[in-house]
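Structure first, commentary second.
The values are calculated or read from the model by the stated rules, or taken from the named source; none is laboratory data. Every value quoted in this text rests on a predicted model; they were computed, and no experiment measured them. Cβ sites come from the backbone with ideal geometry, for glycine too, and all protein chains shown count toward neighbours.
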Amino acid sequence: MSEVVSYENKGNIGVISVNNPPVNALAQVVREGILNAVTAAQADASKAIVLRCEGRTFIAGADITEFGKPPREPGLPVVLDAIENSAKPVIAAIHGTALGGGFEVALACHYRCAVPSAKVGLPEVKLGLLPGAGGTQRVPRIAGVEAALDMITSGNPIGAGKAAEMGLVDEVVKGDDLEAEAIQYAKRLVESGAPLRRIRDITIDPATIEPGFFDNARKQLARRARGQIAQDKIVSCIEAAVKLPMDEGLQRERELFRELLTSPESAAMRHIFFAERQASKIKDLPNDTPVRDINKVAIIGGGTMGGGIAMCFANVGIPVVMLEINDEALQRGIGIIRKNYSITVQKGKMSEEQMEQRIASISGTTNYADIGDVDLVIEAVFENLELKKEIFAKLDRVCKQGAILATNTSYQDVDAIAAVTSRPQDVLGMHFFSPANVMKLLEVVRGAKTADDVLATAMQIGKKIGKVCALSRVCYGFIGNRMLGGYGREAQMLLLDGCTPEQVDSALEGFGMAMGPLAMSDLAGLDVGYKARQSRTDLPDDPKLYRMGTLLVEMGRHGQKTGSGFYKYDPATRARMNDSEVETLIKEEAEKLGIKQRQISNEEILARCFYPLINEGALILEEGIAQRPSDIDVVYVFGYAFPVAKGGPMFYADQVGLKNVYDKICEFRDRYGEDYWKPAPLLKKLAEQGKTFAEWGVENG
């Protein structure tokens with residue numbers, strides 16, 4: 001046996017134990033150890049074999065570090081063949097999570113038992129892949145085609161109870177000692193003469209599948225794929241499980257797995273997988289930096305954002321005090337929270353009891369004196385710097401020493417806010433994205449004087465409330481909103497140059513964006529950007545700049561909330577409709593400005609909208625606002641719905657080629673002027689050197 005896999009007989013039951021911390025990943029040494037143990041067991045006195053794992057989990061998946069490297073024998077299919085063809089029953093004993101290749105190992109066993117808290121799943125689709133060792137062939141045979149399709153295309157794990165209902169787990173054991181329970185279960189199987197039950201021997205009658213089932217599944221999945229291709233290939237694999245013998249189905253699965261493994265979509269999704277984990281690491285912060293205890297939180301402002309933030313803490317059992325200006329506003333805020341939770345209950349994702357527990361953990365006040373004992377305050381009022389300063393001066397007076405004072409500002413100067421307090425070391429930005437109880441991203445903004453332990457605490461508490469944290473230094477708009485300026489600017493400039501709103505949004509949505517920039521502006525409210533621009537003194541004096549957005553606001557068209565913006569909206573459904581009045585207005589304004597409108601390709605629309613993101617991202621890296629290029633990708637994927645199958649703007653730029661991006665920006669500079677199209681020095685340097693942002697990130701890591 002290998003060092004990480006041991007085998008011993010306990011009575012008449014052979015026990016294979018895997019010990020490859022932290023998650024018992026299926027590294028080559030684990031695969032080899034299991035294969036050797038199963039082989040050895042065939043020749044000894046054991047009557048059955050239990051496969052179990054040490055530590056906190058069963059095999060939680062493949063060793064992702066092996067992706068893209070030459071395969072090392074034995075491959076997982078060889079190991080699974082040995083398990084499945086064992087002359088003695090093999091029983092998987094599952095605790096923690098059995099995911100991906102780990103669950104495929106369990107499916108190759110003849111029987112599966114699990115503790116009630118265990119979860120099983122095939123999450124490969126989240127990396128742009130599909131199960132490559134029989135998952136798409138075995139799950140539909142045992143759980144049914146429809147259940148398999150849902151499970152594998154969603155990638156979401158299911159609990160042991162649900163898995164037992166589906167036939168994926170045979171026995172849910174109740175005791176504290178899983179190994180002992182599994183051995184007893186194995187003995188009962190031996191004593192009852194239980195057969196060697198191989199999932200591969202189950203056949204699916206094609207007549208039980210409705211005509212058109214797979215075609216309909218492809219169409220439904222395509223609507224939400226946003227550039228991902230794995231879902232379509234998963235459908236093909238499950239279709240093969242119905243129509244082909246097991247070995248041919250496995251061959252088809254392997255072919256499609258290899259296609260996906262070398263696809264740009266999977267490369268992008270794997271990039272984001274690693275980038276998300278890297279983003280939580282702060283380069284100059286020691287791993288042993290202490291953190292402060294956060295046992296009670298206050299939220300200043302009970303609007304949509306403040307209420308959403310309060311829910312994030314209530315969801316993990318941290319008591320929250322929500323402070324509002326008066327009782328009416330406070331009750332309105334609590335009402336919004338109750339409504340949001342009620343929707344979750346209606347969807348069956350939460351019980352009434354859980355909802356009441358969470359609401360009970362959120363109290364309200366209109367008196368600053370009532371928040372003197374909290375460990376963390378998050379200010380979430382509207383974007384007015386003077387108001388925020390006033391609030392932080394009050395917090396400085398009433399909050400206990402050691403309390404962390406955070407602002408949820410989207411773009412204001414965190415250092416200016418900190419400066420009104422006597423404790424700037426305790427102040428930082430915690431920029432949530434709306435709706436805060438849903439959106440995954442949290443931009444943690446490090447002020448010039450923010451203490452290390454405050455920063456470490458913010459990153460830790462962000463993770464605890466389920467957020468993906470990315471660090472930013474202080475600048476206007478931080479990482480995400482600063483970059484977004486050029487994206488929104490060009491979307492409106494394209495209208496004057498000859499596009500309709502639908503053309504711009506359709507091109508971006510075809511790329512994979514969840515919503516085009518003009519439709520997104522309508523959703524957010526055109527008046528929001530209008531007001532923000534009024535306070536800025538750094539914008540060029542250009543009558544073309546945000547011309548259409550400004551005119552629409554001044555016409556009373558603020559977006560969805562007024563029923564019209566760049567589009568018209570159905571009052572009942574808020575479905576967007578093209579508006580000929582807006583299209584006529586665009587043409588008239590272009591004529592007034594002396595702009596000759598022309599046909600514009602989707603390729604140009606994408607370049608005009610995305611290349612400003614990339615260029616500004618390069619400036620942000622040069623200035624040290626973001627730690628690394630992959631952090632910017634994390635911000636855009638989790639905060640701005642940039643398609644994960646494209647990997648984020650900086651990864652996308654590397655795929656396009658920085659020389660190509662730089663040359664196109666120079667072309668736009670020559671056509672439209674340097675005010676908007678001045679290439680970032682870092683972009684120019686890397687393009688000339690033939691390097692990528694990823695290479696720069698490694699060199700400057």
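Values for this structure:
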| item | result |
| --- | --- |
| Candidates Ser506, Ser521 - the one that is within 22 Å of Ala607 (Cβ to Cβ), surrounded by fewer than 17 Cβ atoms within 10 Å (Cβ to Cβ), over 22 Å from the mean Cα position of the chain (by Cα) and among the hydroxyl-bearing types (Ser, Thr, Tyr) | Ser506 |
| Qualifying residue in the stretch 442-464 (condition: more than 20 Å from Leu405 (Cβ to Cβ) and assigned to a loop (DSSP other than H, G, I, E, B)) | no |
| Output for the stretch 162-199, where each listed residue is touching a Gly at 6+ places or on another chain (Cβ under 7 Å) and of a type in the set (Val, Ile, Thr) | Val172 |
| From the options Leu484, Leu545, residue that is farther than 22 Å from Glu583 by Cβ, among the hydrophobic types (A, V, I, L, M, F, W, C) and touching a residue at least 24 places away in the same chain (Cβ under 8 Å) | Leu484 |
| Test for Val528: is it surrounded by 23 or more Cβ atoms within 10 Å (Cβ to Cβ) and either without any contact (Cβ under 8 Å) to a residue 40 or more places away in the chain or closer than 25 Å to Gln228 by Cα (or both) | no |
| Considering residues of the stretch 561-601 that are among the basic types (Lys, Arg) and within 16 Å of Gly516 (Cα to Cα) only, the residue surrounded by the fewest Cβ atoms within 10 Å (Cβ to Cβ) | Arg574 |
| Residue match in the stretch 667-679 (condition: in contact (Cβ under 8 Å) with a residue 24 or more places away in the chain and in contact with a strand residue (DSSP E or B) (Cβ under 7 Å, 6 or more places away or on another chain)) | no |
| Meets criteria (farther than 27 Å from Met483 by Cα, in a helix (DSSP H, G or I), touching a residue at least 60 places away in the same chain (Cβ under 8 Å) and not assigned by TED's automatic domain parsing to the domain that holds Leu129) for Glu588 | no |
| For Glu324: the one exception among (1) among the acidic types (Asp, Glu); (2) over 23 Å from Thr409 (Cα atoms); (3) touching a residue at least 12 places away in the same chain (Cβ under 8 Å) | (2) |
| Subset of the stretch 236-274 that is in a helix (DSSP H, G or I) and of a type in the set (Val, Ile, Thr) - its residue that is surrounded by the fewest Cβ atoms within 10 Å (Cβ to Cβ) | Val242 |
| So Asp654, is it buried (at least 17 other Cβ atoms within 10 Å of the Cβ) and either out of contact with any Gly (no Cβ under 6 Å at 6 or more places or on another chain) or closer than 24 Å to Lys283 by Cα (or both) | yes |
| Looking only at the stretch 41-64, and only at residues there that are among the polar types (S, T, N, Q) and farther than 14 Å from Gly100 by Cβ, the one that is surrounded by the most Cβ atoms within 10 Å (Cβ to Cβ) | Ser46 |
| Spans of strands (runs of 3 or more DSSP E) in the stretch 72-160 with at least 2 residues crowded, with 24+ Cβ neighbours inside 10 Å, over 27 Å from the mean Cα position of the chain (by Cα) and in the same structural domain as Gln220 (by TED's automatic domain parsing) | 90-94, 111-114 |
